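Encoded as C-alpha cells, the structure appears first; notes follow it.
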Amino acid sequence: MDFNASLRRAIKTGDVLLGQNKTEKCIESGKAQIVVVAANCPATFLQSMKTKEGLFVHTFEGSSVALGKACGKPFMVSALAVIDPGESDILSLKRA
C-alpha cells in the first residue's frame with residue numbers, strides 16, 4: 001500500500017479532519033476510525049491518544065510539514081482523523 005496515495009484518496013473521496021483540535025474532538029465523539037500523527041507531533045497530544053481505548057494510531061514517519069505535503073496541503077499537519085475512508089484503502093493499516 002502506498003500510504004501517501006491512500007491518504008490523498010481518503011481526503012478526496014472520504015471524510016478526513018486535519019489538525020490536533022479537530023482530531024481530538026472527533027476521537028471524543030467516537031467517529032475516528034484511524035488517527036495519523038506526524039513523527040514530531042507534540043508528546044502531550046500523543047500521551048492523550050494512548051489513553052483512548054480501541055483507538056488505532058498510526059505514526060507517519062515524516063515531520064508535520066511532510067504530512068501536510070502528503071495531504072496535498074501547503075501547511076503543517078501534525079495529526080488527522082479518518083472518519084470515512086471513501087475509496088481509499090487506508091484502513092488496511094489497522095490490519096498490518
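Given the criteria hydrophobic (A, V, I, L, M, F, W, C) and under 14 Å from N4 (Cβ atoms), does F60 qualify? Here the answer is yes, as F60 does meet what is asked. From the set of residues in region 1-35 that are part of a strand (DSSP E or B) and touching an Asp or Glu at 6+ places or on another chain (Cβ under 9 Å), which is surrounded by the most Cβ atoms within 10 Å (Cβ to Cβ)? The residue in question is V16. Looking across region 14-40, the residues that are under 16 Å from K73 (Cβ atoms) and β-branched (V, I, T) come down to V16, T23, V36, V37. Only one of these is small (G, A, S) and touching a strand residue (DSSP E or B) at 6+ places or on another chain (Cβ under 7 Å): S88, S64. Name it. The unique qualifying residue is S64.
Closer than 13 Å to L17 by Cα and modelled with pLDDT of 95 or more: is that true of V36 in this structure? Taking the combined requirement at face value, the residue satisfies it. Among the residues here, T23 qualifies as within 12 Å of the chain's Cα centre (by Cα), within 19 Å of K94 (Cα to Cα) and polar (S, T, N, Q). For region 36-85, the set of residues classified as in a loop (DSSP other than H, G, I, E, B), surrounded by 15 or more Cβ atoms within 10 Å (Cβ to Cβ) and in contact (Cβ under 8 Å) with a residue 40 or more places away in the chain consists of C71, V77, S78, P85, listed by residue number.
The values are calculated or read from the model by the stated rules, or taken from the named source; none is laboratory data. Fair warning: this is a prediction, and the values are worked out from it, not measured in the lab. A quick note on method: Cβ atoms are made from the backbone with ideal geometry, for glycine too, and the neighbour counts reach across all protein chains shown.
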